[in-house]
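Enquirer: Please see the structure below; I have some questions.
The values are calculated or read from the model by the stated rules, or taken from the named source; none is laboratory data. This one's a predicted model, so the numbers in the text were calculated from it and none came from an experiment. In this analysis, Cβ positions are derived from the backbone assuming ideal geometry, glycine residues included, and neighbour counts consider all displayed protein chains. For the accessible areas, the whole protein counts, side chains as well, though only heavy atoms, and no ligand, DNA or RNA atoms are used. Shrake-Rupley method; radii C 1.70, N 1.55, O 1.52, S 1.80 Å.
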Amino acid sequence: MSQPPIALVTGGSRGIGAATAKILADQGYKIVLSFASNQQAAEVVVASIMEQGGQARAVQADVSSESEILSLFGLVDQETGTLSALINNAGIVDQPTSVADMSYERLERMMSTNIIGSFLCAREAINRMAVSKGGEGGTIVNLSSAAARLGSPHQYVDYAASKAAIDTFTKGLALEVADDGIRVNAVSPGIIETDIHASGGLPDRARDMASSVPMKRSGTAEEVARAIAFLVSAESSYTTGTVLDVTGGR
Ligand code: NAP
């Protein structure tokens, strides 16, 4: 019997990543989801997928650590089936502040998690997916943000800049691997109801900002996950190097 394709969702234990893991599992992918520290949340997602008849496992791996990324991909290699989708979803914000007050440590954590982590996961995925390396091709979806074009002044310009880097990374990588069987796209969410706002010290941010969105509401993790699933699927088979806004018009 043929094995289901594997989808690796970084930061799949909560929010957009968890919603994406569930949708891709429904579509027949075997899910490997990673998390940073909240094992309990990760196991809840795994249990929910398995209750629906899907296959999933959770792996602790900090994407700001190259050695943990290598271990994560080593575990993916041990699964039966072929890695065919990578969702570079794990990402962080920090407390609202101005550039004038940003520490080196904050900037290093932001860039190593949001940018370098995505580069390294993509590197490992490409080395397994590329047709020229004996792979079967695949898709990569990166998580950008509307912040990349809005700049997030006096809040988190560092985060916004990290997501602008993701847009450029998406374009450049897509062109590098376009003839190697791999499509690379990004989704750029706006104000989405997840825990990320509380992690940045603004738990009510999604509700507070809803009226500033042209559609007059925040989005849900599922709405972003559906856009990610579209970019993973064959429905978008001629789409690469694009950034898809999921922002309610913002
Ligand atoms: P979230 O609810 O805060 O969940 C973050 C996920 O990433 C969790 O699974 C978390 O694991 C994991 N994670 C955090 N740091 C990590 C690290 N260093 N290594 C590995 N995993 C890590 O976030 P979200 O709102 O779903 O956001 C997901 C992505 O969408 C992010 O890239 C974010 O920038 C982007 N985005 C979100 C919004 C929004 O409004 N929510 C808007 C635009 C873009 P633990 O459970 O272990 O902490």
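Enquirer: Within the bounds of region 21-28, is there any residue that is outside any helix (DSSP H, G or I), open to solvent by 40 Å² or more (accessible area, probe 1.4 Å) and touching a helix residue (DSSP H, G or I) at 6+ places or on another chain (Cβ under 9 Å)?
Expert: Among the residues of region 21-28, at least one is outside any helix (DSSP H, G or I), open to solvent by 40 Å² or more (accessible area, probe 1.4 Å) and touching a helix residue (DSSP H, G or I) at 6+ places or on another chain (Cβ under 9 Å), which makes the answer yes.
Enquirer: When you scan region 191-250 for helices (runs of 4 or more DSSP H) that lie fully inside it, which ones turn up with 2 or more residues that are farther than 22 Å from Ala164 by Cβ and within 13 Å of the ligand (Cβ to nearest atom)? Steps first, answer last, please.
Expert: Details: elements: 196-199, 205-209, 221-232.
Where helices (runs of 4 or more DSSP H) fall fully within region 191-250 and carry at least 2 residues being farther than 22 Å from Ala164 by Cβ and within 13 Å of the ligand (Cβ to nearest atom), they are 205-209, 221-232.
Enquirer: Something else about it: Test Glu51 against the criterion of being open to solvent by 50 Å² or more (accessible area, probe 1.4 Å), closer than 24 Å to Ala174 by Cβ and either in contact (Cβ under 8 Å) with a residue 12 or more places away in the chain or not small (Gly, Ala, Ser) (or both), and give yes or no. If you could, list the steps in order and put the result at the bottom.
Expert: Working: open to solvent by 50 Å² or more (accessible area, probe 1.4 Å): yes; closer than 24 Å to Ala174 by Cβ: no; either in contact (Cβ under 8 Å) with a residue 12 or more places away in the chain or not small (Gly, Ala, Ser) (or both): yes.
Criteria not met by Glu51.
Enquirer: Closer than 16 Å to Ala147 by Cβ and surrounded by 14 or more Cβ atoms within 10 Å (Cβ to Cβ): does that describe Gly201?
Expert: On the way: closer than 16 Å to Ala147 by Cβ: yes; surrounded by 14 or more Cβ atoms within 10 Å (Cβ to Cβ): no.
For Gly201, the condition - closer than 16 Å to Ala147 by Cβ and surrounded by 14 or more Cβ atoms within 10 Å (Cβ to Cβ) - is not met.
Enquirer: Another one. Any residue in region 148-158 that is polar (S, T, N, Q), open to solvent by less than 30 Å² (accessible area, probe 1.4 Å) and more than 19 Å from the chain's Cα centre (by Cα)? Talk me through it step by step, then tell me what you get.
Expert: Taking region 148-158 first, the residues polar (S, T, N, Q) are 152, 155.
With open to solvent by less than 30 Å² (accessible area, probe 1.4 Å) added as a condition, the list becomes 152.
In the following step, the residues that additionally are more than 19 Å from the chain's Cα centre (by Cα) were identified as 152.
There is at least one residue in region 148-158 that is polar (S, T, N, Q), open to solvent by less than 30 Å² (accessible area, probe 1.4 Å) and more than 19 Å from the chain's Cα centre (by Cα).
Enquirer: Does region 3-17 hold any residues that are open to solvent by 10 Å² or more (accessible area, probe 1.4 Å) and under 15 Å from the mean Cα position of the chain (by Cα), and which are they?
Expert: Step one: list which residues in region 3-17 are open to solvent by 10 Å² or more (accessible area, probe 1.4 Å), which gives 3-5, 11, 13-16.
Residues satisfying the conditions are Gly11, Ser13, Arg14, Gly15, Ile16.
Enquirer: A further question on this structure: Could you count how many residues in region 76-94 are open to solvent by 20 Å² or more (accessible area, probe 1.4 Å) and away from the ligand (no atom under 14 Å from the Cβ)?
Expert: Of the residues in that region, 7 qualify.
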